[in-house]
Structure formats: C-alpha cells, structure tokens
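The values are calculated or read from the model by the stated rules, or taken from the named source; none is laboratory data. This one's a predicted model, so the numbers in the text were calculated from it and none came from an experiment. Every residue, glycine as well, gets a Cβ built from its backbone with ideal geometry; the counts of neighbours run over all protein chains shown. To get the accessible areas, we keep the full protein, side chains included, count just its heavy atoms, and leave off ligands, DNA and RNA. Shrake-Rupley method; radii C 1.70, N 1.55, O 1.52, S 1.80 Å.
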Amino acid sequence: MELANLRQQVEEVAVRLRSKLQQVSNPADLEAFRVEFLGRKGRIAGMFKLLGALPQEERSQAGELLNELKASAQRLFEEREREGSRNAATERLARESIDMTLPGEGRPIGHLHLLTQVQHEIETIFLHMGFDVASGPEIETDYYNFEALNIPADHPARDDWDTFYIDDTHLLRPHTSPVQIRVMENSAPPVRIVCPGRCYRRDTQDATHSPVFFQVELLWVEEGLTLANLRYIIGLFVHEFFGPGYDVRLSGDFFPFTEPSVQLHMREPGADKWLEIGGAGMVDPAVLANVGYDPETITGFAFGFGIERMAMLKYGIGDIRTFLANDLRFIRQF
Ligand code: FA5
C-alpha cells in the first residue's frame with residue numbers, strides 16, 4: 001500500500017459521496033448516506049484502518065488526507081441535514097398556514113317558525129287594543145273543557161269536539177275555550193284577554209285538519225256589550241292582520257257556551273267567496289253564572305279561530321300539513 005493509492009481512493013470516495021448526496025431526497029436516504037460514509041463501519045472508517053499498512057513516513061500525510069475527507073463528508077452531511085429540516089419546516093408552515101381570504105364556515109341561524117310569528121303578530125294586534133295574553137293547561141279537566149262551558153256529560157254537542165281522553169276526568173283540550181273559565185274564575189269584570197295555545201282533536205288529517213293545531217281565543221266581559229262590539233273587534237282585527245278592504249260577515253251557528261252563536265267569515269278584496277275563520281258569540285248567561293258573575297248585569301263575547309287557518313289565508317298556503325313537515329325549503333320562506 002502506498003500513499004498514492006490511498007490518495008486515489010480518497011478522491012474516488014470524495015466523488016462518490018458527492019454524487020450520493022445529490023440523490024438524497026428524504027431523511028431515510030440521508031441516514032443511509034451517513035451510515036455508508038461516516039458510520040463506524042463506513043467507508044471512511046475502513047480507510048483509516050489502511051493507515052497501518054503505509055510506511056511510517058507517509059502515515060501523517062495520509063492521516064491528514066483522511067481527516068480532511070472525513071471532515072468534508074461530515075460538513076456536507078450536516079449542511080444537508082439542516083437543509084432538510086428547513087424544508088420540512090417550510091412545508092409544514094405551508095400546510096398549516098391559514099388563508100385569511102377563505103370564506104368562513106357558515107353557521108345557519110334559525111328563526112321563529114311561521115306559526116309562532118303569526119301567533120306573536122295576533123297577540124300584538126290585540127295587546128294594542130288593550131287585551132292581555134292569558135294561557136291555560138293543554139291537559140284539561142272535563143269540568144273546564146265541557147261542564148263549565150255549559151256542555152254537561154252526555155250532551156250531544158260534545159261530539160263536536162272529537163276529544164282525546166287521558167282518563168275519566170282528564171283530556172287533551174280540543175279548544176282554548178276552557179281558558180275563559182279559568183281566567184273569569186280568578187278575576188272580576190272587566191276581563192279582556194286573548195289566549196293562544198295548542199289544541200288536540202281526533203280529526204283525520206287532511207289539507208285543512210290536523211290532530212294538533214293552534215287556536216286563539218278572545219274574551220271580553222263587561223257591562224253593556226253587544227254583538228255589535230264583537231263585530232267591530234273582528235273587523236278591526238281582520239283589517240290589522242290581513243290589510244284593508246277585507247269584509248267580515250257573521251252567520252248563525254251553535255255553541256253551548258254562547259248565545260247567540262255565530263260563525264265568522266271573511267272575504268278578500270274583490271273575491272266572491274266567503275271563508276270561515278272561526279266561531280264566536282255572546283257568552284251564555286249560564287257560563288257567566290258558573291264563574292260567579294251576575295248574568296243580569298254582566299255581558300261578554302268570545303271568539304275562537306285556528307292560527308294555521310289564518311296563516312294559510314294570509315300566506316296562500318294550501319295544505320295545513322306543510323307547517324309540521326319540517327321541510328326547510330318551506331320554513332326558510334318566512
Ligand atoms: C271552537 O273550538 C270554539 N271553542 C270556538 C268558539 C270560541 C266559539 C268562543 C264561540 C266562542 P270550532 O270547533 O269551530 O270552535 O273551532 C274553531 C276553529 O279552530 C276552526 O274554525 C278552525 O279554524 C280551527 N280548527 C278546528 N279544528 C281544527 C283542526 N283539526 N285543524 C286545524 N284547525 C282546526
């Protein structure tokens with residue numbers, strides 16, 4: 001072994017390690033490079049072992065050559081390692097960077113259901129006329145729902161309200177009229193209230209009937225009221241809710257808790273057809289007596305109508321089932 005040989009080997013390794021380094025494209029390649037050239041059993045370590053085979057006087061020069069080779073391999077390795085981690089950091093930054101110009105994730109904001117909006121609108125109209133808003137339980141007793149409203153057991157008029165019974169004395173209220181009794185029992189005249197609320201009936205579902213629906217009840221009790229006052233209030237309400245130009249008409253009807261009883265109709269401007277909007281009448285003296293009022297001096301009128309039917313007329317909705325179908329395309333329109 002001669003120095004010249006070793007020098008040649010050093011040059012070959014130097015060329016090889018540069019070309020190897022150029023092929024490094026990931027951390028695994030770089031590690032393979034380190035093991036091949038700088039590892040304990042790598043090429044450069046192997047060359048140091050050859051030193052002993054050289055003549056004494058050439059060893060220190062040969063050692064210098066090898067040390068230079070090792071140092072340059074080490075430098076190239078470290079440079080490449082630094083470059084690699086810089087690239088990884090840049091890549092990560094690029095991956096994780098936030099594009100402030102991207103549109104945000106939309107969170108749809110809900111709104112009140114059309115029926116609730118209509119209920120609030122009706123309440124507001126009557127609040128402005130001086131009525132209070134009252135409420136009562138949806139699970140009612142037979143007494144408030146029928147007896148106190150002048151509909152004793154076995155009275156045929158009970159069939160007008162196809163009622164869901166819970167037991168012999170409890171039921172799901174089929175109308176909001178029992179709230180009249182609850183309010184009158186606890187207050188002296190004058191009484192002016194509206195009570196919106198959910199009602200239940202064993203009605204077969206169709207375009208205008210639902211087993212669950214909303215009614216609004218109105219009650220005004222005071223001395224000296226007549227059907228003309230009722231007619232006036234209904235007219236005022238229709239004007240406020242639907243707009244000007246609507247006609248209102250009363251026709252004969254029967255409810256055990258009103259005498260006389262009427263059916264309420266309204267007609268759109270320019271239309272021929274009258275539409276039924278609810279029932280009404282002067283509070284029956286028997287009902288006034290049931291709550292402890294003097295029917296000789298106290299008078300009153302009441303009416304009740306369906307909120308869905310009102311909303312259907314106002315917004316041109318053809319089928320009552322749409323309200324509960326939960327179709328966002330419908331709900332979002334209002
Ligand atoms: C009553 O329920 C009486 N309590 C109204 C009343 C109050 C009369 C005060 C006199 C004095 P009626 O059964 O007609 O009346 O119902 C009133 C309104 O409720 C109807 O005109 C209709 O708009 C609505 N309605 C009744 N049943 C249903 C149903 N199954 N689905 C949707 N709306 C209904």
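Estimated from the Cβ-Cβ distance and a Förster radius of 25 angstrom, the FRET efficiency linking Ser251 and His209 is about 0.75. For region 31-148, a/c is not less than 1.5, where a ≥ b ≥ c are the root eigenvalues of the C-alpha gyration tensor, and a/b tops b/c. That puts it in the prolate class. Taking every alpha-carbon pair within region 172-266, the share separated by more than 16 Å comes to 67 percent. For Ile139 and Ile331, the difference between the fully extended length at 0.36 nm per residue and the C-alpha to C-alpha distance is 66.3 nm. The Cβ shell under 11 Å around Glu81 holds other residues with a net charge of +1, Lys and Arg each +1, Asp and Glu each -1. Between the Cα long axis of helix 3-23 and the first principal axis of the chain there is an angle of about 10°, rounded to the nearest 10. Residue separation of Phe241 and Ala32 scaled by 0.36 nm, minus their Cα-Cα distance, works out to 66.9 nm of gained length.
Structure remark: mean-square fluctuation, Gaussian network model of the chain, C-alpha springs under 10 Å; the largest value among Asp29, Asp284, Asp168 belongs to Asp29. For region 114-331, the share of accessible area belonging to carbon and sulfur comes to 50 percent (1.4 Å probe, ligands and nucleic acids excluded). With viscosity 1.306 mPa s and temperature 10 °C, the Kirkwood radius over alpha carbon pairs of region 114-331 converts through Stokes-Einstein to a diffusion coefficient of 89 µm²/s. For region 3-96, the fraction of C-alpha pairs farther apart than 20 angstrom is 43 percent. Give the cross-link partners of Lys20 among the lysines, using a straight C-alpha distance below 28 Å as the criterion and excluding same-chain residues fewer than 8 apart. Cross-link targets: Lys41, Lys49, Lys70. Which longest uninterrupted range of the chain lacks any GluC sites (Glu not before Pro) assigned by DSSP to a loop state (not H, G, I, E or B) and surrounded by at most 10 other Cβ atoms within 10 Å? Excluding the exposed sites themselves, the longest stretch runs over 106-295. Between the beta carbons of Asp132 and Glu105, assuming R0 = 45 Å, the FRET efficiency works out to 0.50 to the nearest 0.05. Contact order, relative form, for region 29-142: 16 percent (alpha carbon pairs under 8 Å, 6 or more residues apart, mean separation divided by residue count).
The residues of region 1-99 expose on average 70 square angstrom of accessible surface per residue, using a 1.4 Å probe on protein heavy atoms.
Extension gain, Glu2 to Glu223, is 66.2 nm, computed as 0.36 nm per intervening residue step minus the present C-alpha separation. Where only DSSP H runs of four or more residues are counted, the chain gives -13500 deg cm²/dmol as its mean residue ellipticity at 222 nm, each run worth -39500 (n - 2.57).
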